[in-house]
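Working notes, structure below.
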């Protein structure tokens, strides 16, 4: 049972690190101070989520993921930011696409009936942070669209 939990958690860790890296890149690349600060806050928050998931993998006797995936869609989407930085709406669109990706990964993990109750509870707690980020980016997107 622990092996399944470890696999699910490591998949989420990889995706969460991708998300943190993407937010950090968005914070560095955006021209907007407001978005830059928000993106950096989200990057820090995602690193904390990854750390909590890594601690659970260790508690289960596993070796936690420590690196982002080089092929994850969130990473690929965020690398497209440089092409669209002159348009704040395009930046927010890219960030929101990354949020869609991580949100789906967490939802899939929450629906996995083979995950133990303690691991499920941790994933549910971490998902609250992910859902909050997703909702914030959706609100940014709506606000940016109203401005154009």
In percent, how large is the relative contact order of segment 2-147, given Cα pairs closer than 8 Å and 6 or more residues apart?
-> 30
How many times 2.2 N^0.38 Å is the alpha carbon radius of gyration of segment 2-147?
-> 1.05
Between residue 7 and residue 104, what length comes free when the chain is fully extended (0.36 nm per residue of separation minus the Cα-Cα distance, one decimal in nm)?
-> 33.3 nm
What's the extension gain from residue 44 to residue 138 if we count 0.36 nm per residue and subtract their Cα-Cα distance?
-> 31.9 nm
If the chain between residue 146 and residue 90 were fully stretched, how many nm would it gain, using 0.36 nm times the residue separation less the Cα-Cα distance?
-> 18.8 nm
At a Förster radius of 25 Å, what calculated FRET efficiency corresponds to the Cβ-Cβ distance of residue 55 and residue 113, to the nearest 0.05?
-> 0.60
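Read-outs throughout are calculated quantities, based only on the coordinates presented, and are distinct from any laboratory measurement. Just so we're clear, the structure is a prediction, and the values are computed from it rather than from any experiment. Every residue, glycine as well, gets a Cβ built from its backbone with ideal geometry; the counts of neighbours run over all protein chains shown.
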